[in-house]
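Novice: One structure coming up, written as structure tokens, with questions to follow.
The values are calculated or read from the model by the stated rules, or taken from the named source; none is laboratory data. Computed from a predicted structure; not experimentally measured. We place every Cβ from the backbone using ideal geometry, glycine too, and count neighbours over all the protein chains shown. For accessibility, only protein heavy atoms count, side chains too; no ligands or nucleic acids. Shrake-Rupley method; radii C 1.70, N 1.55, O 1.52, S 1.80 Å.
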Amino acid sequence: RRSIEQVLAGVPVSREQLKPGDLVFFEIHRKGPSHVGIYTGNDVFVHCPSSGGRVREDRLTDTYWRKRYRGACRVHR
């Protein structure tokens, strides 16, 4: 799914309410959510920074990600 579809599929959660497994969204390439990661706890999320790239961990508090953070959602099955 595209990141905008993922935003719409979940229930919004505030940054203070984040739990492992929540999706976190960032504005990178265009207006609105264009990048998504999975929150793992302790301000850490996993993501793949580019197509074909390696999955890695980053911190929501890192300057780059903090400036681009646009919200989060929880997807229920």
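Novice: Taking 7 Å along the Cα-to-C-beta vector as the label spot, tell me the A9-R68 distance in nanometres, rounded to one decimal.
Specialist: Going from the A9 label point to the R68 one covers 2.1 nm.
Novice: Continuing with the same structure: Ignoring ligands, DNA and RNA, what percent of the accessible area of the chain is carbon or sulfur (1.4 Å)?
Specialist: 48 percent
Novice: Between (1) 66; (2) 114; (3) 95, which entry matches volume of the Cα convex hull per residue in Å³ as derived from the coordinates of this structure?
Specialist: (3)
Novice: State, to one decimal in nm, how far the label point of V55 lies from the label point of E16, with both points 7 Å from Cα in the Cβ direction.
Specialist: In this crude label model, V55 to E16 measures out at 3.1 nm.
Novice: With r defined as the distance between the Cβ atoms of H76 and E27 and R0 fixed at 22 Å, what FRET efficiency is calculated, to the nearest 0.05?
Specialist: Numbers: r = 25 Å, r/R0 = 1.12.
E between H76 and E27, to the nearest 0.05, is 0.35.
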